[in-house]
Each structure stands twice: as structure tokens, then as C-alpha cells.
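My questions will all concern the structure given below.
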Amino acid sequence: MNRFRTVWLASLLTATIAVPAFAARAKAKPHYAALGSARTVSYSAEGDPAGARPGETKLKVRPLVVNGKVVNWTTGEVHEVTPYIFTVQSALRINDALPTDKHEHWVWQRGPWLLVDKHGKVKPLRLPDYDVSVSDVVWFRDYAAYCGLSARGKSLYAVVARTSLRRAVVSKRLEKWDPAEHPSPACAAAVWQRDPLAVSFAPTGGSAVSFDLAGSSSAPADSGQ
């Protein structure tokens, strides 16, 4: 009888200890990331000299919300990579006041791209040679195609990047770049082809070039010109 009672008390004690742990797991909130409602803000080349388009006075922005808190702002269209992962460009609110100004002067600027996991993870994408003044990113799957600028800003490049890689899949010099006098836009939007996987670039005033991305190849293909 004593042995039975001892076993019963031990089982009851174990169950009593386990209940709070189970309850804590049951109450744990799921992690999530999502975009909130859009709003329009004042925007101009004065606040964003590199990113603002000619004549642009308004910018549509949306908050990026993680677990109920706004962690960033975004602008432009979302690209769904998978049902759970998407890319979107960030929008930054910058204090543009000079040291001699008496008050803060907040302006909006286009920022870097973000990779967002809907389960609550957000990380900036470091797109090689990306420059907000010339780079118009066109997404396909997890590939980003755009024209970029070299580190010194003197050469225009055709670039293809992937969200999973640190280095560019394609990085091909297109032409010399003059920071003082250059066409706007620098390139037409890149054009993707699914089968075989390829992408074409057309710099303004220059010759078009295409790249075959089938497998690990990124060799230039016939541009058709």
C-alpha cells in the first residue's frame, strides 16, 4: 500500500510540474511579419537627390510590422519569392537638418532592399553595385536584375544577384559613366526569360546585351542586334 501511494504521489508531482510548462508553450505567441496600410508622404529631390524621380512630389509608404511593432518602412511593390518570403524596398526617414538649424528637418528617402520571412525575420539585402540613382530592380524568383554603378561611380554595370549569395551571378561592365552628365533612366527595365533562363539589359543609348543563366553559366548570349 505504501509503495502504491509513493508511486501515485510521484506521478501527481510530475504532472503538477509539467502543467505550467505546457501552459507556457500554449500561450507563446507566434512570430510574424507583415505590411500595414499604405499612406502618402511628401517627397522631393531636395530630400532624396539620388533616389527621387524627376517631378516626383509624393511617395507611398507602408510600415513593416514584426510581432505587432513597426520595425521599418517600405515603398514600392512586393515580390513574393515563396509563399512565406518576400522582398521589398525600404523607405528611410532621415533628419536632414544642418548643425546650424534650430529644428529637426525630416525627409523621406528610398533605402536598401529587404528580405522578409513572414515568420518574423527581416534582413537587409546587400545587392552588389546597387545604386538608388540608377538601379531599377526587376525580380524573378530569387534573382534581382538591375544596372549598377562601380564603387567609384565611373562605370555602369549589368548585374544579376541572388538573395542567397553574397557575390553577383552576373557583373558585366556596360559602358563608362559620367556622374555629371548621364541619361535618365540609365537603363530600360531588365527583361527576364524563363526557358531557358536568361535576362537582357538595354542601357539608354547603348547596345543591348543578354545573359544565359541556365545552370551555373552566365555567359553573354546573342542580343539579337
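Read the figures in this text as sums done on the coordinates, not as results from a lab. All of these numbers come straight from a predicted model, not from anything done at the bench. Heads up, the Cβs are rebuilt from the backbone with ideal geometry, glycines too, and the neighbour counts pull from every protein chain shown.
What percent of all Cα-Cα pairs in segment 29-125 falls into each 10 Å bin, going from 0 up to the bin containing the maximum distance?
Final binned percentages: 15, 43, 28, 11, 2.
Next question, about the same structure. So which of 58/121; 154/176; 29/121; 123/154; 69/121; 60/123 end up more than 18 Å apart by C-alpha?
Violating the 18 Å Cα-Cα cut-off are 58/121; 123/154; 60/123.
Still on this structure: For a quick check: sort 61, 199, 138 by the number of other beta carbons within 10 angstrom, fewest at the front.
Least crowded to most crowded, the residues run 138, 61, 199.
Sort 70, 191, 116 by Cβ crowding within 10 Å, fewest neighbours at the top.
70, 191, 116
Over segment 126-216, what is the mean sequence separation of C-alpha contacts under 8 Å (at least six apart), divided by residue count, expressed as relative contact order in percent?
After rounding, I find 21 percent.
Can you list the GluC sites (Glu not before Pro) in segment 63-118 that are in a DSSP coil and have 11 or fewer other beta carbons within 10 angstrom?
The qualifying sites are 104.
Under unit Cβ charges (Lys, Arg +1; Asp, Glu -1), what dipole magnitude, rounded to 20 debye, does segment 126-216 have relative to its Cα centre?
My answer is approximately 360 debye.
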